[in-house]
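Structure record follows, encoded as structure tokens.
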Amino acid sequence: MTIARVDRPRRAGTVSKASGTGGTGSLPLRRRQRRRSRLTALAFVTPLLAYLAAFYVYPLYRNLDLSLRDYTVRSFVSGDAPFSGWDNFQKVLDDPTFGPAMRHTMIFTFVSIAFQYAIGLALAVFFNRHFRLAPTLRALFLIPWLLPLIVSASSWSWMLNSESGVVNYFLHFFGVDPVGWLTSPDWALTSVIIANIWIGIPFNLVILYSGLQNIPGELYEAASLDGASAWQQFRRITFPLLRPVSAITLLLGLVYTLKVFDLIWIMTKGGPGDASSTLATWSYQLGFGSLLPKFGPGAAVGNILILIALVFGLLYIRVQSGQRRQET
């Protein structure tokens, strides 16, 4: 008797190894694809990592090393400075210049930011009305932002000169005595703040104007139909909807203004005396401003300034993360 042979069905996915697809034959292929994608991603990331290591990580490490060692000119060249721990930081905190420098830094930063934001917001709202000369005037207001900082600082130094400055020349017509803008301890800090406000207004104008463009015009039309005044529209619509952009603008301005050095150094060099010195100018004076430089304390002041900027930088990242969560 002949018994018919019944072939058992093959399991799904079992394909001969010769085909090279499916089953275990596809695993090496998938591994090669994943390895290739990782290598491709690493190839794109490597230049960025090298840049960050060379221009951020290594300078920060060297600055920290300077602040923790007792460097002199000889040991700075030879590289055999003894380890001093936190002594340089203690010297800086005990120095009588630290208090005024910290106070001037805070005044310079927060007063500059407050006026830059207020004036920039007012100009952004003004230009948002879309009148005929708006593009031309906006371009003119960008000039302080586009000029090299050394040019802006030199121009302000000339205008505020006590003897031949154009500001005192105009004050003379109103019967006001000449003011020692850059030579008087009472006016030096005010002078550099005024110059820094002028330089920072265009940045606030551009960012806030861009934020105003994203506010729907229908909201203003509905508010006008309801009888809302211009001030009520600003208080109820413009300012609340502009709050995320305002937060980013203020935090970026804060981080930038904390480290302003060149403007103050060109105009007053932190003087007269210590009347306009900040942490940035004091750090430079300690490290490079005398025949016997104090590299360790100068680096310590720089690290304190970096730490303050880092705190506000982390706050900026937190604000951005909160805005992304709100958008999603």
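The values are calculated or read from the model by the stated rules, or taken from the named source; none is laboratory data. The shown structure was predicted, so the numbers you read here are calculated from the model rather than taken from an experiment. Cβ: placed from backbone, ideal geometry, glycine included. Neighbour counts: every protein chain shown.
Side notes on the structure shown:
- Subset of region 161-179 [exposed (fewer than 14 other Cβ atoms within 10 Å of the Cβ) and in a loop (DSSP other than H, G, I, E, B)]: 163, 164, 174, 175, 176, 177
- Pairs are defined by a Cβ separation below 7 Å, a sequence spacing of at least 6 or placement on different chains, a first member in region 139-160 that is under 23 Å from residue 188 (Cα atoms), and a second member that is in a loop (DSSP other than H, G, I, E, B) and of a type outside the set (Lys, Arg); the pairs so defined are 157/182; 158/165; 159/165; 160/181; 160/182.
- Boolean, residue 298 is over 30 Å from residue 127 (Cβ atoms) and not polar (S, T, N, Q): yes
- Filtering region 77-112 to residues that are of a type in the set (A, V, I, L, M), crowded, with 16+ Cβ neighbours inside 10 Å and under 24 Å from residue 190 (Cβ atoms) leaves 101, 102, 111.
- All positions within region 180-229 that are surrounded by fewer than 19 Cβ atoms within 10 Å (Cβ to Cβ), touching a Pro at 6+ places or on another chain (Cβ under 7 Å) and in contact (Cβ under 8 Å) with a residue 60 or more places away in the chain: 183, 185
- Residue list for region 293-320, filter: more than 23 Å from residue 103 (Cβ to Cβ) and either without any contact (Cβ under 8 Å) to a residue 24 or more places away in the chain or in contact with a strand residue (DSSP E or B) (Cβ under 8 Å, 6 or more places away or on another chain) (or both): 296, 314, 317, 318
- Residue, modelled with the highest pLDDT, within region 67-95, restricted to residues that are hydroxyl-bearing (Ser, Thr, Tyr) and farther than 20 Å from residue 289 by Cα: 84
- Residue 101 being among the aliphatic types (A, V, I, L, M), in a helix (DSSP H, G or I), touching a residue at least 40 places away in the same chain (Cβ under 8 Å) and in contact with an Asp or Glu (Cβ under 9 Å, 6 or more places away or on another chain): yes
- Taking the listed residues 46, 72, the one that is of a type in the set (Ser, Thr, Tyr) and within 26 Å of residue 274 (Cβ to Cβ) is 72, with no other qualifying.
- Inclusion of residue 233 among residues that are in a helix (DSSP H, G or I), surrounded by fewer than 19 Cβ atoms within 10 Å (Cβ to Cβ), polar (S, T, N, Q) and touching a residue at least 24 places away in the same chain (Cβ under 8 Å) is not warranted.
- Selected residue (criterion: surrounded by the fewest Cβ atoms within 10 Å (Cβ to Cβ)) from residues of region 236-258 that are among the small types (Gly, Ala, Ser) and over 18 Å from residue 193 (Cα atoms): 247
- Some residue of region 269-284 being touching a helix residue (DSSP H, G or I) at 6+ places or on another chain (Cβ under 7 Å), touching a residue at least 24 places away in the same chain (Cβ under 8 Å), over 25 Å from residue 145 (Cα atoms) and charged (D, E, K, R): yes
- Counting the residues of region 113-146 that are loosely packed, with under 14 Cβ neighbours inside 10 Å and in a loop (DSSP other than H, G, I, E, B) gives 5.
- Residue in region 306-328 that is at pLDDT 90 or above, at negative phi and over 20 Å from the mean Cα position of the chain (by Cα) present: no
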